[in-house]
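Please read the structure below before turning to the comments.
The values are calculated or read from the model by the stated rules, or taken from the named source; none is laboratory data. The structure presented is a predicted model; accordingly, all values stated were derived computationally and were not measured. So basically every Cβ, Gly included, is an ideal-geometry build from the backbone, and we count neighbours across all protein chains shown. Ligands, DNA and RNA are excluded from the accessible area calculation, which covers all protein heavy atoms including side chains. Shrake-Rupley method; radii C 1.70, N 1.55, O 1.52, S 1.80 Å.
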Number of protein chains: 2
Amino acid sequence: MKINLKHSNISSPKGIYLLLLTLVLSNFACADRSSKESLTSSKKKYALVIHGGAGTIKKENMTEAQEAAYTKKIQEALDAGFQVLENGGHAEIAVQQAINILENSPLFNAGKGAVFNHKGQQEMDASIMDGRTLNSGAVAGIRHIKNPINAAILVKDSTRHVLLSGQGAEDFAKLHGLEMVDSSYFYSERRYQSLLRAQGKEQALIQKKSTNIELIDNHQYGTVGCVALDQNGNIVAGTSTGGMTNKKYGRIGDSPIIGAGNYANNASCGVSCTGTGEYFIRTLAAHQVSNLILLNNFSLKEAVRQVIHQDIDSLGGTGGMIALDKNGNMAWDFNTEGMYRGFKSAHGDNIIEMYNE
Amino acid sequence: MKINLKHSNISSPKGIYLLLLTLVLSNFACADRSSKESLTSSKKKYALVIHGGAGTIKKENMTEAQEAAYTKKIQEALDAGFQVLENGGHAEIAVQQAINILENSPLFNAGKGAVFNHKGQQEMDASIMDGRTLNSGAVAGIRHIKNPINAAILVKDSTRHVLLSGQGAEDFAKLHGLEMVDSSYFYSERRYQSLLRAQGKEQALIQKKSTNIELIDNHQYGTVGCVALDQNGNIVAGTSTGGMTNKKYGRIGDSPIIGAGNYANNASCGVSCTGTGEYFIRTLAAHQVSNLILLNNFSLKEAVRQVIHQDIDSLGGTGGMIALDKNGNMAWDFNTEGMYRGFKSAHGDNIIEMYNE
């Protein structure tokens, strides 16, 4: 865990007190980095939160080099998005730039690092939502678009539609000049080995006739997402994923489903989710966080906690979410061992965490 | 408009009063067929509501024969579903049977009557949600499954997934023995002429270079849906559609999106929507009705009215929805000229309407 020391001056008693307070407050997996000051100045509220997937992320399983690689990439994404906000740019550009960095890294299950489906291909999904207009765009089952989040933005801006899928979505992206890549771009030995392991397990189960093959859960954690609040109070949420290893039958998860894996509304908050997507679809997880704030006067932290630890938990689902409200408060939560996550705000917060801290 | 006379005895003054009251109450497009009695006996609450799409459905545009054909088919679907409920059957079977009848008719834009996409094919979507478990199933972009709602039920019951799409969904349906048909089964001269008209308009616009071709709205009203409440208090909602005439790029609308075009929750209500799907996705229309009841103590009628006449209206969307709550109260509403709709309940209601009555 990294602690933000920017506001602490440990040479004074007040500084030591602030440091201790920071340590205590940081010691919750469920964070609520709210700040009274954030309510007073609209220019000072801007912030950016990102995730790189939730799952069995445990300190004992990570080498120092791995930890450093994830930290570095999350910091790079935070910095890129935050710079846009600092310069007065739109939340959508911040979200796009942060997600592009994660999509271009092999570390996460999105874009370059997308997992293999049953046929040995990458099938990616992404979505974006603009909290001011509720305009939304999404793509599902695309295979040759370098940055799926850019395709989602294109759908939002250039059509009346929300969700385009498969070859049709690719044709549309190509027509509009989006960067297309050969499927070999997405090849990585690590992901290919995951596919072979998943298929091996499946074969063993088929031979034992012990279960329905459709019931094997090969969810690969690593979906990426970002929520940004800009200086004009606009909230944008984006999510991008490679879905599940060994995925079959054109399965679509929650990432491209507005209200399930992604949601933004300037009146309440923005949310991006990661986990076993079907549970986030059935609970309308991202929309529910906004509703609990708007209709039930929940704080962002309470809303996120209720959706993860009651709605998702009670159905047996696993995963996590990041959220940012209109006042610049941030909350993240998960019911897995860990979630790659980072937060950077106009108040000087710069937090990167991975484990259940 | 048909008036339910079952509970009126016009030979007595009380009977005449009841008849007049019925006439007055029926004179609202936004109906709320609530009944005090429905709250008192759980066995007496069962009911079924269906729609066959909202749009420019006006009395002056309909021949008597057309009106009779729609009325007959809606009655057939109501009767089939209601019989299941009357015999103590599960709400899902009632929904399936009612929707199968509408899917097998060329009158509606679902199954047999599905419209043509840009390539001259039918691309159909459907979804089902079980209000007791929140289990859900959906298919998008399928082309050879005779009854798309059956594929949605199969996904719900035989996988951990919610949404399967395209060829993958078809492969899965075939593997599980669902009835497949040649695409010629879906051919109808009427729908083909609609495609030619839509493409003609598009060509004219391209030649005039007057607009972005993606912005042409060829929404074909005629999506079908059904919500049932059975004797055990289970609510199930189902929706099935052929989408938009001249649809391109693998566009997916709201019908297969849980929370957008379809939602069910035994704690609140079931909802099925029809209209310009993108607006129902952005507002999470079906989920929002449930939320307004659960979190804001709205009546079903108030919730449905707010979503259609505030949420959808304010974004410029058009369409309608049917809903049924856990107490057997029914509400339907739309902001179009008409919506094909029918309601049958254990209290003897049997209502079929089409226009803005």
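State the number of residues belonging to the stretch B:312-343 that are over 14 Å from B:His51 (Cβ atoms) and in contact with a Leu (Cβ under 9 Å, 6 or more places away or on another chain).
6
Read through the list (1) of a type in the set (A, V, I, L, M); (2) out of contact with any helix residue (DSSP H, G or I) (no Cβ under 7 Å at 6 or more places or on another chain); (3) within 20 Å of B:Ala140 (Cα to Cα), then give the number of the only condition that A:Ile308 fails.
Looking at each condition in turn, A:Ile308 falls short on (3).
Kindly indicate whether any position in the stretch B:253-264 is surrounded by fewer than 24 Cβ atoms within 10 Å (Cβ to Cβ) and touching a strand residue (DSSP E or B) at 6+ places or on another chain (Cβ under 9 Å). Can you show your working first?
Pass one, the stretch B:253-264, residues surrounded by fewer than 24 Cβ atoms within 10 Å (Cβ to Cβ): none.
Within the stretch B:253-264, none of the residues are surrounded by fewer than 24 Cβ atoms within 10 Å (Cβ to Cβ) and touching a strand residue (DSSP E or B) at 6+ places or on another chain (Cβ under 9 Å).
Which members of the stretch A:279-294 meet the condition of being open to solvent by less than 10 Å² (accessible area, probe 1.4 Å) and within 8 Å of chain B (Cβ to nearest Cβ)? Don't jump to the end; show me each part of the working.
So in the stretch A:279-294, the residues open to solvent by less than 10 Å² (accessible area, probe 1.4 Å) come out as A:280-281, A:284-287, A:289-292.
Those that are open to solvent by less than 10 Å² (accessible area, probe 1.4 Å) and within 8 Å of chain B (Cβ to nearest Cβ): A:Ile281, A:Leu284, A:His287, A:Asn291, A:Leu292.
Mind listing whichever residues of the stretch A:180-208 are surrounded by 13 or more Cβ atoms within 10 Å (Cβ to Cβ) and assigned to a loop (DSSP other than H, G, I, E, B)?
A:Val181, A:Tyr187, A:Ser188
Can you tell which of B:Leu164, B:Leu134 is part of a strand (DSSP E or B) and within 13 Å of another protein chain (Cβ to nearest Cβ)? Don't jump to the end; show me each part of the working.
Working: B:Leu134 fails: part of a strand (DSSP E or B).
Answer to the check: B:Leu164.
Which members of the stretch B:107-126 meet the condition of being part of a helix (DSSP H, G or I) and open to solvent by 10 Å² or more (accessible area, probe 1.4 Å)?
Of all residues in the stretch B:107-126, those part of a helix (DSSP H, G or I) come to B:111-113.
Residue satisfying the conditions is B:Lys112 alone.
With the structure loaded, tell me whether A:Asn297 is assigned by TED's automatic domain parsing to the domain that holds A:Gly131, free of Cβ contacts under 8 Å to residues at least 12 places away in the same chain and under 28 Å from A:Arg132 (Cα atoms) or whether it fails that test.
On the way: assigned by TED's automatic domain parsing to the domain that holds A:Gly131: yes; free of Cβ contacts under 8 Å to residues at least 12 places away in the same chain: yes; under 28 Å from A:Arg132 (Cα atoms): yes.
Yes.
Please work out if A:Ile312 is facing chain B (nearest Cβ under 9 Å) and farther than 22 Å from A:Asn234 by Cα. Let's see the steps before the verdict.
Working: facing chain B (nearest Cβ under 9 Å): no; farther than 22 Å from A:Asn234 by Cα: yes.
Against the criterion (facing chain B (nearest Cβ under 9 Å) and farther than 22 Å from A:Asn234 by Cα), A:Ile312 does not qualify.
Got at least one residue in the stretch B:319-332 being over 19 Å from B:Leu78 (Cβ atoms) and open to solvent by 30 Å² or more (accessible area, probe 1.4 Å)? Write out each step before concluding.
Keep residues of the stretch B:319-332 that are over 19 Å from B:Leu78 (Cβ atoms), which gives B:319, B:326-327.
Next cut, open to solvent by 30 Å² or more (accessible area, probe 1.4 Å) only: B:326-327.
For the stretch B:319-332, residues over 19 Å from B:Leu78 (Cβ atoms) and open to solvent by 30 Å² or more (accessible area, probe 1.4 Å): present.
How many of the residues making up the stretch A:300-313 are surrounded by fewer than 24 Cβ atoms within 10 Å (Cβ to Cβ) and either under 20 Å from A:Gly222 (Cβ atoms) or touching a residue at least 12 places away in the same chain (Cβ under 8 Å) (or both)? Spell out how you get there, then give the answer.
Here is the first cut: in the stretch A:300-313, the residues surrounded by fewer than 24 Cβ atoms within 10 Å (Cβ to Cβ) are A:301-302, A:305-306, A:309-311, A:313.
Among the residues that remain, those that are also either under 20 Å from A:Gly222 (Cβ atoms) or touching a residue at least 12 places away in the same chain (Cβ under 8 Å) (or both) are: A:301, A:305-306, A:309, A:311, A:313.
Residues flagged as surrounded by fewer than 24 Cβ atoms within 10 Å (Cβ to Cβ) and either under 20 Å from A:Gly222 (Cβ atoms) or touching a residue at least 12 places away in the same chain (Cβ under 8 Å) (or both) within the stretch A:300-313 amount to 6.
Can you say whether B:Ala169 is within 14 Å of chain A (Cβ to nearest Cβ), touching a Gly at 6+ places or on another chain (Cβ under 8 Å) and not in a loop (DSSP other than H, G, I, E, B), as far as the supplied structure shows? Steps first, please.
Values: within 14 Å of chain A (Cβ to nearest Cβ): yes; touching a Gly at 6+ places or on another chain (Cβ under 8 Å): yes; not in a loop (DSSP other than H, G, I, E, B): yes.
Spelling it out, B:Ala169 is indeed within 14 Å of chain A (Cβ to nearest Cβ), touching a Gly at 6+ places or on another chain (Cβ under 8 Å) and not in a loop (DSSP other than H, G, I, E, B).
Looking at this structure, is B:Gln97 surrounded by fewer than 23 Cβ atoms within 10 Å (Cβ to Cβ), assigned by TED's automatic domain parsing to the domain that holds B:Thr241 and more than 29 Å from A:Gly316 (Cβ to Cβ)? Reasoning before the result, please.
Values: surrounded by fewer than 23 Cβ atoms within 10 Å (Cβ to Cβ): yes; assigned by TED's automatic domain parsing to the domain that holds B:Thr241: yes; more than 29 Å from A:Gly316 (Cβ to Cβ): yes.
Against the criterion (surrounded by fewer than 23 Cβ atoms within 10 Å (Cβ to Cβ), assigned by TED's automatic domain parsing to the domain that holds B:Thr241 and more than 29 Å from A:Gly316 (Cβ to Cβ)), B:Gln97 qualifies.
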